[in-house]
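Student: Below you'll find the structure I mean.
A short reminder: the numbers here are calculations on the coordinates, not readings from a lab. Keep in mind it's a predicted model, so treat the numbers as computed, not measured. All Cβ positions, even for glycine, are placed from backbone atoms using ideal geometry, and neighbour counts span all protein chains on display.
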Amino acid sequence: MLAIEILGLEKTYNVGFWGKTPKHALRPLHLNVEEGEIFGFLGPNGAGKTTTLKLLMGLVFPTSGTARILGMELDDPRMKAQIGFLPEQPYFYDYLTARELLEYYAQLSGVAAKERSRKADEVLAKVGLPNVAGLQLRKFSKGMLQRVGIAQAILHDPKLLFFDEPMSGLDPLGRRDVRDLMEQLKHEGKTVFFSTHILPDAEALCDRVAVIHDGELKGVGAVADLTSGVRGKVEIIWSGRIIPPAFKGLGADCHVTGDTVRAIVSEECQDAALDALRNAHLRLISLSPVRNSLEAYYVSKLQPGKAAAEVRP
Amino acid sequence: MKAAPMSRVFPIALNTFREAVRDRVLYNLVAFAVLMSGAAILVGQISVGIEKLVVINLGLTAVSLFGVVISIFIGIGLVSKEIDKRTLYTLLSRPVRRWEFVVGKFLGLVGTLVLNTFFMAIGVFGALLYVAHHFAKPDAWVLVALYFIILQFVIVTGLALLFSSFSSPLMSAVFAFSLFIVGAFAEDLRGFARMTKGITRWIATGAAYLVPNFSALNVITPVAHGQPVSGQLILYNTAYALIYATMTICGAVLIFERRNLK
Ligand SMILES: Nc1ncnc2c1ncn2[C@@H]1O[C@H](COP(=O)(O)OP(=O)(O)OP(=O)(O)O)[C@@H](O)[C@H]1O
Ligand SMILES: [Mg+2]
């Protein structure tokens, strides 16, 4: 079964003084997310990522189109019991403590009474907030609120998670924790659909990604396919500033940065290049195939003209 | 996952109550207590046989005004504040239907008002005891007057919630307060309407009956004079308030169900 099936969801806002100017926040979107995958939803600011998530959560209503989540309608409470949602810049009842909020939400999600406080403590520990359970949410920092947001999303052990920019506002360790958490969720067989701007995160985590721009879907693909394309070139890095003369003949593209040299040569010339380095007694640092980065794919989808330009991670 | 709606409505109501308490809404009771004791002491010194009349009149009027102010100022924010602050995002992505949220918020505020009125009632009876030294049988009618005042809060809260579902908080407060004032003269309005003719009469009558009838819910003066309240009026007022409030809540739900959250 598909975890998410988006069937032409479209959202047009009427803006301007008279509300007559249409603003296409989301053009008819068709997208499927399989059960058990981590799906990244990429796009620049204002692309329509949050709009899509709000439509899926039933917070705003589509101008046209529908979607099904776990095979059910968007307003089906049985479906909502099985999903978790982290909104962009989450905000909570600031007069509650973190534990009170989570116990309240657990109750609304149908968690049994005797389980609630254990669940609350468990998820707070999971998101790295074990010591502030009794603190009122008005006293939480931005990153702490983000963590509470993640905690409330996974609280009731949902099958499917929607995260709108899960890494936003987090410190480096926090980001790593969230990456680990998402991997763990996948390991437990859950589906994660998340939006992000951080391409290396998406590259490391996602099974598939979609790129959206100006409300329009620009491309969907498996990360493995998008990045595996070895383009018949290798990258050689060695220490020093010397470029052996033989490299000229190999058609190598060399750059000296600080105390290292980086050269890109075609695969056929790889052995000749290594021999040249050995003969010149230069110390090899690394040899690796040149891969397409997700960033290159992303840029190619947003700016078709620059598709050929090589972008390094 | 076939839990009854009440299993969501009730926790939402409870949380609304908790919010009101933590936002120090019940602090109004301090002001009320000061007012009542001041009045009791002052009236006790005059002592010309109208102490009870003054205390009941003043006490019940204060209960009503304090409560109406709370109904309006919290009522207009019940739903709109949660939309503005986006606390609804993580609530409505749970198995909570929008109507359950609205009804829960409404019941939470009504519960707060009932408790608030309960404490104020203690204050009124305390002042009564202070000036008269003992309770008389007709004092029991004060309880009925208090019950009617709570029915007023139920209607006013419903109105505040309804207005706030389609207009700004300030306008909602103005609308709700105006209707509270106009509603106090509902019986007179109905009288005026009967005096007009033709199409005007239809419109005026319709308008007069649309306005909440707060004059029927106000029995402060007769009760202060020790007069009883008829069982029929109690029954009629109860049904009226429940129907009126239900209609306002239905209206608010209908609007909120279609609304795009910002
Ligand atoms: N309520 C609204 N009224 C009018 N326009 C809106 C509304 N909400 C969103 N938009 C517009 O829809 C477009 C998409 O917005 P959205 O919030 O979905 O972007 P996003 O991809 O989440 O961006 P970001 O990465 O900055 O979060 C934007 O151009 C925005 O201005
Ligand atoms: Mg966004």
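Student: Using a simple spin-label model with points 7 Å from Cα along the Cα→Cβ vector, what separation in nm is obtained for B:Val69 and B:Ile46?
Tutor: Here the modelled spin labels are 2.2 nm apart.
Student: Another question, then. Tell me the label-point distance for the pair B:Met195, A:Cys254, using the 7 Å Cα-to-Cβ offset, in nm and rounded to one decimal.
Tutor: 10.7
Student: Connecting C-alpha atoms closer than 10 Å in a GNM of chain A, tell me which of A:Asn279, A:Asn131, A:Asn292 has the biggest fluctuation.
Tutor: Maximum fluctuation in the GNM of chain A, among the listed residues, is at A:Asn279.
Student: Which of the trypsin sites (Lys or Arg not before Pro) across region B:14-76 are loop residues per DSSP, with 13 or fewer other Cβ within 10 Å?
Tutor: B:Arg24
Student: Right, something else. Return the loop-located GluC sites (Glu not before Pro) in region A:1-91 (DSSP other than H, G, I, E, B) with at most 12 other Cβ atoms within 10 Å of their own Cβ; answer none if there are none.
Tutor: Here the GluC sites (Glu not before Pro) that fit, given the DSSP loop and packing criteria, are A:Glu73.
Student: Would you mind computing, in nm to one decimal, how far apart the modelled labels at A:Ile264 and B:Tyr209 are, each placed 7 Å from Cα along Cα→Cβ?
Tutor: Those two pseudo-labels are separated by 8.2 nm.
Student: Continuing with this model, one more query. I'd like the trypsin sites (Lys or Arg not before Pro) in region B:150-205 restricted to DSSP loop residues with at most 15 other Cβ atoms within 10 Å, sorted by number.
Tutor: B:Lys197
Student: Sequence-distant or interchain residues sharing an amide H contact under 5 Å with A:Phe163, placed H: which?
Tutor: A:Leu86, A:Phe193, A:Phe194, A:Ser195
Student: Say the dipole of chain B comes from +1 at the beta carbon of Lys and Arg and -1 at that of Asp and Glu; which of B:Tyr209, B:Leu115, B:Leu14 then lies farthest toward its positive end?
Tutor: Ranked along the dipole, the leading option is B:Leu14.
Student: Sticking with this one: Given A:Thr66, A:Gln82, A:Ser109, which one lies farthest toward the positive end of the charge dipole of region A:53-113, if we put +1 on the Cβ of every Lys and Arg and -1 on the Cβ of every Asp and Glu?
Tutor: Projecting each Cα onto the dipole axis, the largest value belongs to A:Thr66.
Student: Moving on. Can you tell me which of A:Ala133, A:Ala81, A:Ala273 moves the most in a GNM of chain A? Springs connect C-alpha atoms under 10 Å apart.
Tutor: For chain A, modelled as a Gaussian network with Cα springs under 10 Å, the answer is A:Ala273.
Student: Hey, got the average number of other protein chain Cβ atoms within 10 angstrom for residues in A:104-115?
Tutor: 4
Student: Please report, in debye to the nearest 20, how large the charge dipole of chain B is about its Cα centre when each Lys and Arg carries +1 at its beta carbon and each Asp and Glu carries -1 there.
Tutor: That gives a dipole near 960 debye.
Student: Continuing with this model, one more query. Pick out which of A:Gly36, A:Gly169, A:Gly232 has the largest mean-square fluctuation in a Gaussian network model of chain A, springs linking Cα atoms closer than 10 Å.
Tutor: Taking springs between Cα atoms under 10 Å, the residue moving most is A:Gly232.
Student: Based on the Cβ-Cβ distance from A:Arg283 to A:Met1, what FRET efficiency comes out when R0 is 45 Å, to the nearest 0.05?
Tutor: 0.25
Student: For chain A, give the share of DSSP beta bridges that are antiparallel, in percent and rounded to the nearest 5; count only bridges with both residues there.
Tutor: Counting DSSP beta bridges with both partners in chain A, the antiparallel share is about 70 percent.
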